[in-house]
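Peer 1: Before anything else, here's the structure in question.
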Amino acid sequence: MDFGFSAEDEAFRAEAKAWLCAHADPDLDRRTWERTLGAAGWIGLSWPETGYGNRSATLTQQVAWAEEYARSGAPPRSGHIGENLLAPTLLAHGSEEQKARFLPPVAAGDELWCQGYSEPGAGSDLASVRTVAVRDVRGGYRITGQKIWTSLAHEADWCFVLARTEPGSRRHQGLSFLLVAMDQPDHIDVRPIRQLTGTSDFNEVFFDGAHARVEHVVGGEGQGWQVAMSLLGFERGVSTLAQQIGFARELEQVVRVAVETGAVADPVVRDRLVRQWAELRTMRWNALRTLGGSGDAGASSVAKLLWAGWHQRLGELAVAVRGAGAAVGPVDWAPSTPYELDPLQHLFLFSRADTIYGGSDQVQRTIIAERVLGLPREPKGVV
């Protein structure tokens, strides 16, 4: 597409920047921040329909907002799953009743969502979902099974769950997309998973007879695969450009440390730094080139391959320019603070997962091979 910012876009950017400067407080808890955003109408800018408490914005204005948000130092979002995944899915496949019930609380920042897709035996191979939902005497569903790597489940009010509603069905058949309230303490158990960084942003979720109402099936019973695949198409877009603002900030910090430690005198290190800078610029232009496009089955997979590998290499470089000091924590160990990391140590450890979560590199390459290049499908059951 022909991408550029108009005078109206720059005015929108100035408004966004001024508002963020006045309201962004990194010390705010995430739920309060979501409600602050919602009260000002900043949630749901990308929705093709208004009337749910959101304001409308053009694609270029969405980019401006995302970039200014990334620059502002505002708290991390906890409502992005509801805003950027659930909402577009409901707008595409949901009933009017579902949209009227669920979209206003998302736009207001009042209800937070998590995504119940991956399972211990069905991560990258989503069609192997084994969580089941059976009809109960109340006319709803009882859900039994386990989900894993469920981001923000410990904070979420609702979860959209991919479950098997047709007994004996296999693979893509017999799946349904269910909206499930998380406030069911006797039937839903959320267990945080501690990561290398010492944080626990994602979780295991166990469903033991959790209830879902029949009117909360999106797209109709048995249509879960189609709805789930539609949702995955919303996962990457404008947010990629905002992500790159954060990447640029991390790269600047690595360069600064390389200068401070003298590592920049090494020509190999200089070459790696310049390569990181050049690749980041290339990713930005690729993102702008594909933004708003449709019909490119491999665009999101190419983008994921590019940024995941880039970010992982940046983490490795962050350790390399520190030398032996990279192995030393920012504070002395104590029972009350046993696991402290500085930002570059956190970058290195967290980025180890970049090539796995959100679809591993191997899965992305398979998608490109089969859907873009037209190569034969990978044989099943071959080791």
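Peer 1: Which residue, of 160, 207, 177, is more than 22 Å from the chain's Cα centre (by Cα) and either open to solvent by 20 Å² or more (accessible area, probe 1.4 Å) or among the aromatic types (Phe, Trp, Tyr) (or both)? Steps first, please.
Peer 2: On the way: 160 fails: more than 22 Å from the chain's Cα centre (by Cα); 177 fails: more than 22 Å from the chain's Cα centre (by Cα).
Step by step, each of 160, 207, 177 is checked, and only 207 is more than 22 Å from the chain's Cα centre (by Cα) and either open to solvent by 20 Å² or more (accessible area, probe 1.4 Å) or among the aromatic types (Phe, Trp, Tyr) (or both).
The rows are residues; the columns are (1) in contact with a Gly (Cβ under 9 Å, 6 or more places away or on another chain); (2) acidic (Asp, Glu); (3) free of Cβ contacts under 8 Å to residues at least 40 places away in the same chain.
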position	(1), (2), (3)
272	no, no, no
342	yes, yes, yes
345	yes, no, yes
358	no, no, no
371	yes, no, no
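Peer 1: When you scan the range 2-9, do you find a residue that is at pLDDT 90 or above and either surrounded by 13 or more Cβ atoms within 10 Å (Cβ to Cβ) or within 20 Å of the chain's Cα centre (by Cα) (or both), even just one?
Peer 2: yes
Peer 1: Okay, next question. Of the numbered conditions (1) open to solvent by 30 Å² or more (accessible area, probe 1.4 Å); (2) modelled with pLDDT under 95; (3) closer than 30 Å to residue 46 by Cβ, residue 224 satisfies every one except a single condition; which is it?
Peer 2: (1)
Peer 1: Confirm whether residue 230 is among the small types (Gly, Ala, Ser), part of a loop (DSSP other than H, G, I, E, B) and either surrounded by fewer than 20 Cβ atoms within 10 Å (Cβ to Cβ) or in contact (Cβ under 8 Å) with a residue 60 or more places away in the chain (or both).
Peer 2: Details: among the small types (Gly, Ala, Ser): yes; part of a loop (DSSP other than H, G, I, E, B): no; either surrounded by fewer than 20 Cβ atoms within 10 Å (Cβ to Cβ) or in contact (Cβ under 8 Å) with a residue 60 or more places away in the chain (or both): yes.
Considered against the rule, which asks whether it is among the small types (Gly, Ala, Ser), part of a loop (DSSP other than H, G, I, E, B) and either surrounded by fewer than 20 Cβ atoms within 10 Å (Cβ to Cβ) or in contact (Cβ under 8 Å) with a residue 60 or more places away in the chain (or both), residue 230 comes out as no.
Peer 1: Related question: Evaluate the following for residue 107: is it under 30 Å from residue 365 (Cα atoms), small (Gly, Ala, Ser) and within 20 Å of the chain's Cα centre (by Cα)? Break it down into steps so the answer makes sense when it comes.
Peer 2: Values: under 30 Å from residue 365 (Cα atoms): no; small (Gly, Ala, Ser): yes; within 20 Å of the chain's Cα centre (by Cα): yes.
So residue 107 does not fit the description; no.
Residues are listed down the side, and each one gets a yes or a no for (1) on the phi > 0 side of the Ramachandran plot; (2) touching a residue at least 24 places away in the same chain (Cβ under 8 Å); (3) open to solvent by 50 Å² or more (accessible area, probe 1.4 Å):
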| site | (1), (2), (3) |
| --- | --- |
| 196 | no, yes, yes |
| 212 | no, yes, no |
| 257 | no, yes, no |
| 269 | no, yes, no |
| 285 | no, no, yes |
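Peer 1: Cβ-Cβ under 9 Å, sequence separation 6+ or interchain: first residue in the range 92-113 and closer than 19 Å to residue 156 by Cα and assigned to a loop (DSSP other than H, G, I, E, B), partner open to solvent by less than 20 Å² (accessible area, probe 1.4 Å) and among the aromatic types (Phe, Trp, Tyr). Which pairs?
Peer 2: These pairs meet every condition: 109/33; 111/102.
Peer 1: Which one of the conditions (1) in a loop (DSSP other than H, G, I, E, B); (2) within 21 Å of the chain's Cα centre (by Cα); (3) among the hydroxyl-bearing types (Ser, Thr, Tyr) does residue 50 fail to meet, given that it meets all the rest?
Peer 2: (2)
Peer 1: Report yes if residue 208 is of a type outside the set (A, V, I, L, M), over 24 Å from residue 310 (Cα atoms) and either assigned to a loop (DSSP other than H, G, I, E, B) or modelled with pLDDT under 85 (or both), otherwise no.
Peer 2: Numbers: of a type outside the set (A, V, I, L, M): yes; over 24 Å from residue 310 (Cα atoms): yes; either assigned to a loop (DSSP other than H, G, I, E, B) or modelled with pLDDT under 85 (or both): no.
Taking the combined requirement at face value, the residue does not satisfy it.
Peer 1: Assuming residue 43 fulfils every condition listed in (1) modelled with pLDDT of 90 or more; (2) out of contact with any Asp or Glu (no Cβ under 6 Å at 6 or more places or on another chain); (3) assigned to a loop (DSSP other than H, G, I, E, B) apart from one, which condition is it?
Peer 2: Result: residue 43 passes all but (2).
Peer 1: Filter the range 242-301 down to the residues that are in a helix (DSSP H, G or I), under 30 Å from residue 374 (Cα atoms) and not hydrophobic (A, V, I, L, M, F, W, C) and list them by number.
Peer 2: Once the filter is applied, which keeps residues that are in a helix (DSSP H, G or I), under 30 Å from residue 374 (Cα atoms) and not hydrophobic (A, V, I, L, M, F, W, C), the range 242-301 yields 279, 281, 282, 284, 286, 289, 290, 300, 301.
The values are calculated or read from the model by the stated rules, or taken from the named source; none is laboratory data. It should be emphasised that the depicted structure is a prediction, and the values quoted were computed from it without experimental measurement. Methodologically, a virtual Cβ is constructed for each residue, glycine included, from the backbone with ideal geometry; neighbour enumeration extends over all protein chains shown. Accessible surface areas use protein heavy atoms only, side chains included; no ligands, DNA or RNA. Shrake-Rupley method; radii C 1.70, N 1.55, O 1.52, S 1.80 Å.
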